[in-house]
Amino acid sequence: MIRLRKIRKSFTRPDGSPLEVLAGVDLDVAPGEFLAVVGPSGSGKSTLMNILGLLDRPDEGEYDLAGEPVRDLRSDELARLRNRRIGFVFQQFHLLPHTTAVENVELPLVYSEARDPRRRAVEALCRVGLEDRLDHYPEQLSGGEQQRVAIARALVTDPELVLADEPTGNLDQDSAEEIMKLLANLHRGGRTIVLITHDPTLAARCSSTLRIDRGRLVREEAA
């Protein structure tokens, strides 16, 4: 599903000096894998996630997504590929506040040729247990419910790959447990999932773990 070779990414510090965040990363993620990427704040986890999600380009290196090289694709081609193959779940829910749950979930379908987007959005919300919250606004939902709406939005385009960046970071323990169970169910259903987290207990629930160490990835066996 994912193949990275010699991926490098640097940023410029305020004093003008370079800061290398990813230093020649190699990564293979098999279809149906549930992978955790762990490391402290500032280690490059989110930079890696942005590159995997086609939201940013590496300075150097090769990236194949589902066998398709993406390095030379135009921005519009990247957007279509992202919409077709990738679903995103973030720590911040990124729901539109004046839009209902079902309308939030419909949004990714605006950029596709999907038929009957309302029906697909309702089905996605039912899959995450929110069939009785379709017309609720974000402020009327708990944190856990808002994250479930975000997961439904990630699933509505039927992506092969789900990228989850600290998806439980803003949730209480019970809500976090619900979200992890949802992700585990998606994995059992055949989805490829990459979970970014600083929490080793969450990483231990994945099928494999990578740790960022000095801009490189080290694979570990999950406990």
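The values are calculated or read from the model by the stated rules, or taken from the named source; none is laboratory data. On a predicted model such as this, the values are computed, not experimentally measured, just so you know. Counting neighbours? That spans all protein chains shown, and the Cβs are built from the backbone with ideal geometry, glycine included.
Filter the range 66-96 down to the residues that are modelled with pLDDT of 90 or more, touching a strand residue (DSSP E or B) at 6+ places or on another chain (Cβ under 7 Å) and in a loop (DSSP other than H, G, I, E, B) and list them by number.
Listed by number, the list holds a single entry, Val70.
Counting residues that are closer than 23 Å to Ala30 by Cβ and touching a strand residue (DSSP E or B) at 6+ places or on another chain (Cβ under 9 Å), which helices (runs of 4 or more DSSP H) fully inside the range 98-213 reach at least 1?
Passing ranges, in order: 143-155, 173-188, 200-203.
Does Glu139 fit the bill of being among the charged types (D, E, K, R) and either within 22 Å of Glu177 (Cα to Cα) or buried (at least 16 other Cβ atoms within 10 Å of the Cβ) (or both)?
Taking the combined requirement at face value, the residue satisfies it.
Which is over 20 Å from Thr197 (Cβ atoms), surrounded by 13 or more Cβ atoms within 10 Å (Cβ to Cβ) and over 15 Å from the mean Cα position of the chain (by Cα), of Ser17, Ser10?
Going through Ser17, Ser10 in turn, the sole match is Ser10.
Just the residues that are of a type in the set (S, T, N, Q) and at pLDDT 90 or above, please, taken from the range 18-54.
Thr47, Asn50, listed by residue number.
Go through the range 100-137 and give me each residue that's in contact (Cβ under 8 Å) with a residue 40 or more places away in the chain and under 11 Å from Thr157 (Cβ atoms).
Within the range 100-137, Val105, Glu106, Leu107, Pro108, Leu109, Ser112, Ala114 qualify.
I want to confirm something. Restricting to the range 83-119 and keeping residues that are over 19 Å from the mean Cα position of the chain (by Cα) and within 23 Å of Met180 (Cα to Cα), which single residue is surrounded by the most Cβ atoms within 10 Å (Cβ to Cβ)?
Selected residue: Ala101.
I need every pair where a residue in the range 140-157 that is farther than 19 Å from Arg119 by Cβ and in contact (Cβ under 8 Å) with a residue 12 or more places away in the chain has its Cβ under 7 Å from the Cβ of a residue that is among the acidic types (Asp, Glu) and part of a helix (DSSP H, G or I), sequence separation at least 6 or different chains.
From residues that are farther than 19 Å from Arg119 by Cβ and in contact (Cβ under 8 Å) with a residue 12 or more places away in the chain, the pairs are Gly144/Glu178.
If you take the residues in the range 170-223 that are among the polar types (S, T, N, Q) and surrounded by 14 or more Cβ atoms within 10 Å (Cβ to Cβ), which one is nearest to Glu20 (Cα to Cα)?
Top of the filtered list is Thr197.
Just to verify a result, which residue in the range 14-65, among those that are touching a Leu at 6+ places or on another chain (Cβ under 6 Å) and in a loop (DSSP other than H, G, I, E, B), is farthest from Gly87 (Cα to Cα)?
Gly44
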